[in-house]
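Asker: The structure that follows is given in the form of structure tokens.
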Amino acid sequence: MPQARRAPIACALVCVAGHFGIAPAQELSERAFLIEFPTVVSASGLRQNATETPQAITVIDQQMIKASGAREIAELFRLVPGFTVSYVTYVKGLQPIVYYHGLGREFFSRIQVLIDGRSMNNATLGGIDWSQFPLAMEDIDRIEVIRGPSNAAHGIGAFLATINFVTKHASQVRGVDVSGNAGTNGILDGTVRAGGGAGGFEYRMTAGHRADNGFPNLADSRTLDYVTGRADWQINRTDALMLQAGVTSGTNDVGFRGPDDPGRSVRTTTGYAQARWERSHDADNGLSIQFYYYRFNLADAFITDPLPAFNNERFPFDDTSTVDRIDLEFQQTFTTGPDLRWVWGAGVRQDRAEVPAILSVAEKLNIQRLFGHVEWRITDKLLFNAGAMVEHNDISGTDTAPQVALNYTIVPNHVVRFSVAKALRTPTVIESGVQGITVGVQGGPRSLSGGGLQPETILSSAISYVGEWPQWNITTDVKVFYDTLDDLIGLVGVQGGFPPTAYPRNAANGDSARQQGIEGQLVWRPTPQTTLWLSGAHMETRSADQLDNYSRSAPRNSGHLLVASRIAETWDVSASVQAQSAFRASGLSDPQRGFCRVDFRLVKHLPWWNGAQVGFVVENVFDNHYTDYRNNNIAQRVAWLTFSAKF
Amino acid sequence: MIVAAIGRRLWTVPIVWALGLMLAAAVVTGANAQVLVVLSEDWPGMREVAAELREQLGGLRDGRLTIDVVTAKRIKLDDLDIIRRSELIIAVGVEAARAVIDREKDLSRPPPTLCLLIPKLRFDAFVGTIPAGSERRVSAVFIDQPVARQFNLLRLAAPTKSRIGIVLGPSSSRLQDELRDNARERAMTLNIVIVDQPSGMFAAMQKTLSESDLFLALPDPVTINESTAYAVLRTSYQEQIPVAGFSESMVRAGALFGLYSTLRQQARQGAEIASRLLAGEAGLPPPQYPRYFTVGVNTSVARSLGVQLDAGAIEAALAARERGSNPRETRTGTEAAAPRRTP
């Protein structure tokens with residue numbers, strides 16, 4: 001290489017730079033080449049490729065979230081095969097409810113929902129308060145939906161499925177972002193997000209408001225205000241600390257059951273704090289300790305209307321409930337050789353529920369769990385996964401939930417997976433706190449006294465195929481499954497006493513159910529500007545339905561198509577079509593008829609204002625009046641304007 | 001007792017004196033450091049380079065070659081003797097090169113100087129300050145990898161990725177033309193964003209990643225430094241865009257693969273140049289890029305992204321490609337001592 005003779009001006013530039021402008025830290029030296037990088041893809045941050053997961057998994061990323069146009073997080077699960085999204089109103093106001101394979105009633109749906117490893121399942125009845133969900137859509141990095149039981153990997157409650165929200169690392173938010181929606185049906189939303197940081201300490205904060213009027217003919221308006229924050233401190237190359245905290249406060253208009261349930265507004269407040277310390281040398285070696293606290297309070301003290309049956313007297317009533325949860329978990333990942341990767345850990349949790357209407361004292365539930373998982377690359381083509389969780393709780397003692405999976409690569413990019421998993425659903429505080437019933441019919445609900453409730457169990461077997469065609473940008477996966485569920489806990493009757501509440505009178509392990517079917521998804525990117533997501537499911541449930549309706553609780557057929565395209569560099573357009581056949585959810589539901597719904601979104605990026613966009617979304621374009629959960633929950637067309645900007 | 005024994009035999013006195021003088025002479029001549037290694041700072045990596053140089057050069061001249069290792073600070077403060085007496089100076093890092101070249105200006109016949117671990121940009125700037133006729137006296141082994149080699153690696157390791165995203169800073173922006181030429185030759189599209197402040201990295205990454213299949217990371221203190229390193233890798237991984245890195249540390253942290261010369265490899269090349277000079281060659285060879293390199297792969301990230309990469313095979317193919325295009329460079333072959341695969 002010929003030695004370059006530089007003109008004296010180069011010398012002058014170097015001299016000037018050295019003396020005046022460029023700070024020493026920004027001067028190019030060998031340091032720029034030898035910088036020590038902190039472990040970014042760590043043991044917990046490593047995302048398993050879909051061909052290597054032990055369970056069928058659907059990942060929803062920001063692109064899909066934006067394309068869907070959803071303003072409500074629960075709506076996103078329409079995109080996942082086997083999922084049903086519905087809305088319940090009559091209990092505590094407008095409440096979305098998300099089911100996988102049906103089997104869900106108005107309070108819960110037997111799935112586990114986590115935000116960064118923090119369980120969002122309400123300790124009273126195990127459900128998820130989607131209306132009070134403390135997470136802004138824009139703060140989602142991705143959502144991992146594990147379609148199948150996975151106690152070993154995802155802990156207590158990962159019964160039918162697990163939804164794991166992974167939020168954005170604090171370094172992913174910079175400056176100030178503002179967004180909002182305003183539209184029909186009283187829709188008014190706003191979010192402000194800010195992020196910054198220096199020297200390895202990053203933070204992000206979000207404040208938001210959401211409001212809408214719910215169903216057209218019902219007084220079920222709701223509002224939500226929330227503030228959440230996350231800080232990530234990269235202590236050194238291997239150690240990182242994540243801190244999160246948030247509060248929400250929301251109102252729901254309720255009161256539909258009659259004079260003993262007068263129209264009123266209930267206020268729900270929640271708060272959480274979470275800390276996770278992680279040491280990770282690389283993607284295969286690390287350990288972490290996580291602690292979190294979560295509090296939920298539903299304030300509902302009211303006076304009934306004059307009751308004709310009681311001399312038109314009015315009665316005060318307190319339907320308040322308060323729930324606390326503390327959870328501590330340790331986890332370690334390590335490898336023994338190039339082909340064996342191990343994860344093991346342990347955790348303790350305490351749930352506390354105070355529900356004066358039905359529990360005379362605060363009920364506590366202590367749960368301890370031990371879990372482990374091994375990934376063994378037997379050969380290049382054969383990957384074996386085995387895991388188990390052992391759980392002990394105050395109510396039902398000790399149980400084990402094992403799972404195994406074998407992934408076989410037929411040819412590169414095409415994998416077939418065989419998996420068998422057993423999981424259990426721990427009874428919640430309320431379920432275990434109410435009276436058992438005594439019925440002695442053979443094969444019928446078992447006789448138990450309060451405290452004898454057993455966990456529900458599921459044994460799920462599935463054969464899946466996962467395929468990728470990189471040359472055509474297509475990925476797909478299809479799963480055929482056969483699941484056996486036992487000891488499903490049925491909630492029987494409604495609490496007596498006066499006035500009657502929506503809480504059950506009894507709980508018992510009752511029905512079994514068999515579910516089988518096929519479900520799958522396909523993602524195709526025909527051009528870099530266009531993406532297409534297709535999902536579909538067909539399934540059947542068989543059950544004796546002694547304590548509740550299970551056999552019709554999932555639609556026999558469902559499908560969803562979402563197409564998104566970037567046109568002329570500044571226009572984003574997307575449309576989605578959802579079709580679902582008739583079904584009837586468990587619990588106190590009405591049959592829901594089959595329907596087809598079309599949504600549309602159009603957004604324009606403003607080139608003169610970097611990061612700004614305006615647009616509109618129409619949900620239920622053809623104004624299909626299908627019903628959600630009860631006959632008086634009638635869907636309608638809703639539209640709103642949306643904008644977002646960066647400062 | 002010995003003194004007494006010697007004293008009794010007076011003829012031993014001159015022998016003792018002669019031995020003493022020879023010892024003193026040996027000490028004095030040994031104090032002339034024949035090779036002076038100047039380190040920019042006393043940092044484990046630098047010491048590793050010095051140790052490798054000692055190991056490679058120690059056997060020369062029947063083991064009588066002396067190698068002194070000092071820091072740049074000493075060079076700045078000491079008198080010029082330490083430089084004047086050396087046959088060869090090896091300056092490791094930018095600070096050392098600057099210190100040595102600065103002080104050599106005060107000498108009438110400064111010794112040959114070889115710079116290691118120095119970015120090409122900085123070396124070219126220093127050389128501009130040296131009087132004409134110094135071509136064979138001052139040379140370097142750059143710490144940068146040649147752009148052509150980097151793009152050859154992209155073709156070998158990621159043949160299906162043809163939209164390459166790059167963020168350049170003030171130092172690396174001078175590479176723009178070379179990057180575009182190399183990309184054009186291989187039918188790749190480049191998405192280049194230039195920033196002048198670290199605070200501009202966030203927006204630059206968002207823009208680049210949205211239009212690229214692969215992110216090529218280039219060293220620059222403004223774009224990739226302690227405050228931006230995490231976010232660069234994190235954002236890319238979040239978007240599932242593979243990163244081509246420039247160091248072993250970066251590959252372990254989460255880059256899919258990387259091209260780099262380890263400290264030992266660079267020291268080895270420096271030692272080879274030094275031994276040729278010390279063996280009598282008239283001057284130093286022209287400044288050159290690293291000859292020995294390593295391709296590292298993060299197998300966990302590879303599996304996560306669904307790709308299969310064999311670091312050893314890619315490294316061999318890359319070396320073969322260079323041998324093919326540079327028949328004069330017969331001394332090739334990659335260093336097998338450094339680990340090929342990030343565990």
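The values are calculated or read from the model by the stated rules, or taken from the named source; none is laboratory data. From a predicted model like this one, the values you see are computed outputs, not experimental measurements. As a convention, Cβ positions derive from the backbone with ideal geometry for all residues, glycine included, and neighbour counts pool all protein chains shown.
Asker: If you take the residues in the stretch B:97-124 that are of a type in the set (Gly, Ala, Ser) and over 14 Å from B:PHE142 (Cα atoms), which one is surrounded by the most Cβ atoms within 10 Å (Cβ to Cβ)?
Answerer: That would be B:ALA99.
Asker: Here is a follow-up. Have a look at B:THR330, B:THR342 and point out the one that is loosely packed, with under 13 Cβ neighbours inside 10 Å and at pLDDT below 80.
Answerer: That would be B:THR330, the only listed residue that is loosely packed, with under 13 Cβ neighbours inside 10 Å and at pLDDT below 80.
Asker: Hey, among A:THR124, A:THR84, A:THR89, which residue is of a type in the set (Val, Ile, Thr), over 12 Å from the mean Cα position of the chain (by Cα) and over 28 Å from A:VAL577 (Cα atoms)?
Answerer: It is A:THR124.
Asker: Just give me the residues in the stretch B:133-160 being within 25 Å of B:GLY280 (Cβ to Cβ), among the hydrophobic types (A, V, I, L, M, F, W, C) and within 9 Å of chain A (Cβ to nearest Cβ), in sequence order.
Answerer: B:VAL138
Asker: Something else about it: Determine whether A:ARG71 is touching a residue at least 60 places away in the same chain (Cβ under 8 Å), assigned to a loop (DSSP other than H, G, I, E, B) and crowded, with 23+ Cβ neighbours inside 10 Å.
Answerer: No: the conditions fail for A:ARG71.
Yes or no, residue by residue, for (1) more than 9 Å from chain A (Cβ to nearest Cβ); (2) under 19 Å from B:PHE202 (Cβ atoms); (3) among the basic types (Lys, Arg):
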| residue | (1), (2), (3) |
| --- | --- |
| B:ASN225 | no, yes, no |
| B:TYR237 | no, yes, no |
| B:VAL243 | yes, yes, no |
| B:PHE246 | no, no, no |
| B:ARG252 | no, no, yes |
| B:GLY258 | yes, no, no |
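Asker: Got a number for residues in the stretch B:98-116 being facing chain A (nearest Cβ under 10 Å) and either in a helix (DSSP H, G or I) or more than 18 Å from B:VAL69 (Cβ to Cβ) (or both)?
Answerer: 1
Asker: I would also like to ask the following. Given (1) over 24 Å from B:ASN225 (Cβ atoms); (2) surrounded by fewer than 17 Cβ atoms within 10 Å (Cβ to Cβ); (3) within 12 Å of chain A (Cβ to nearest Cβ), where does B:ARG174 come up short, assuming only one miss?
Answerer: (1)
Asker: Of the numbered conditions (1) within 13 Å of chain A (Cβ to nearest Cβ); (2) among the small types (Gly, Ala, Ser); (3) over 23 Å from the mean Cα position of the chain (by Cα), B:ALA187 fails exactly one; give the number of that condition.
Answerer: Answer for B:ALA187: the failing condition is (1).
Asker: I've got another one for you. Residue under question is A:GLN442, and the condition is that it be at pLDDT 60 or above and either hydroxyl-bearing (Ser, Thr, Tyr) or assigned to a loop (DSSP other than H, G, I, E, B) (or both); does it hold?
Answerer: Spelling it out, it is not the case that A:GLN442 is at pLDDT 60 or above and either hydroxyl-bearing (Ser, Thr, Tyr) or assigned to a loop (DSSP other than H, G, I, E, B) (or both).
Asker: Separate question: Would the stretch A:483-492 turn up any residue that is at negative phi, surrounded by fewer than 16 Cβ atoms within 10 Å (Cβ to Cβ) and modelled with pLDDT of 95 or more?
Answerer: Yes, the stretch A:483-492 has at least one match.
Asker: Could you count how many residues in the stretch A:211-240 are assigned to a strand (DSSP E or B), over 20 Å from the mean Cα position of the chain (by Cα) and crowded, with 16+ Cβ neighbours inside 10 Å?
Answerer: Residues flagged as assigned to a strand (DSSP E or B), over 20 Å from the mean Cα position of the chain (by Cα) and crowded, with 16+ Cβ neighbours inside 10 Å within the stretch A:211-240 amount to 9.
Asker: Which one of B:GLY280, B:GLY254, B:GLY270, B:GLY245 is over 29 Å from A:ASP284 (Cβ atoms), surrounded by 22 or more Cβ atoms within 10 Å (Cβ to Cβ) and out of contact with any Pro (no Cβ under 9 Å at 6 or more places or on another chain)? Walk me through how you get there before you give the answer.
Answerer: On the way: B:GLY280 fails: surrounded by 22 or more Cβ atoms within 10 Å (Cβ to Cβ); B:GLY254 fails: over 29 Å from A:ASP284 (Cβ atoms); B:GLY245 fails: over 29 Å from A:ASP284 (Cβ atoms).
One residue alone meets the criteria, B:GLY270.
Asker: Looking at A:ASN185, A:ASN213, A:ASN164, which one is in contact (Cβ under 8 Å) with a residue 12 or more places away in the chain and out of contact with any strand residue (DSSP E or B) (no Cβ under 7 Å at 6 or more places or on another chain)? Steps first, answer last, please.
Answerer: Values: A:ASN185 fails: out of contact with any strand residue (DSSP E or B) (no Cβ under 7 Å at 6 or more places or on another chain); A:ASN164 fails: out of contact with any strand residue (DSSP E or B) (no Cβ under 7 Å at 6 or more places or on another chain).
Every option except A:ASN213 fails the conditions.
Asker: Here is a check on your reading of the model: is B:GLU211 within 13 Å of chain A (Cβ to nearest Cβ), among the acidic types (Asp, Glu) and either surrounded by 23 or more Cβ atoms within 10 Å (Cβ to Cβ) or within 25 Å of B:PRO119 (Cα to Cα) (or both)?
Answerer: Considered against the rule, which asks whether it is within 13 Å of chain A (Cβ to nearest Cβ), among the acidic types (Asp, Glu) and either surrounded by 23 or more Cβ atoms within 10 Å (Cβ to Cβ) or within 25 Å of B:PRO119 (Cα to Cα) (or both), B:GLU211 comes out as no.
Asker: Same structure again: In the stretch A:321-341, which residues are crowded, with 16+ Cβ neighbours inside 10 Å and either within 18 Å of A:LEU383 (Cβ to Cβ) or β-branched (Val, Ile, Thr) (or both)?
Answerer: A:THR322, A:VAL323, A:THR333, A:THR335, A:ARG341
Asker: Considering (1) modelled with pLDDT under 90; (2) surrounded by 21 or more Cβ atoms within 10 Å (Cβ to Cβ); (3) not aromatic (Phe, Trp, Tyr), say which one A:ARG257 fails and leave the rest.
Answerer: Going through (1) modelled with pLDDT under 90; (2) surrounded by 21 or more Cβ atoms within 10 Å (Cβ to Cβ); (3) not aromatic (Phe, Trp, Tyr) one by one, A:ARG257 breaks only (2).
Asker: Continuing with this model, one more query. Pairs only if they're at least six apart or on different chains, beta carbon under 7 angstrom, first in the stretch A:575-593 and assigned to a strand (DSSP E or B), second among the aliphatic types (A, V, I, L, M) and loosely packed, with under 15 Cβ neighbours inside 10 Å; list them, first residue then second.
Answerer: Pairs that qualify, where the first residue is assigned to a strand (DSSP E or B) and the partner is among the aliphatic types (A, V, I, L, M) and loosely packed, with under 15 Cβ neighbours inside 10 Å, are A:GLN592/A:ALA582.
Asker: Among A:GLY126, A:GLY208, A:GLY197, A:GLY157, which is the only one that is modelled with pLDDT of 90 or more, of a type outside the set (Ser, Thr, Tyr) and either assigned to a strand (DSSP E or B) or crowded, with 21+ Cβ neighbours inside 10 Å (or both)?
Answerer: The match here is A:GLY208.
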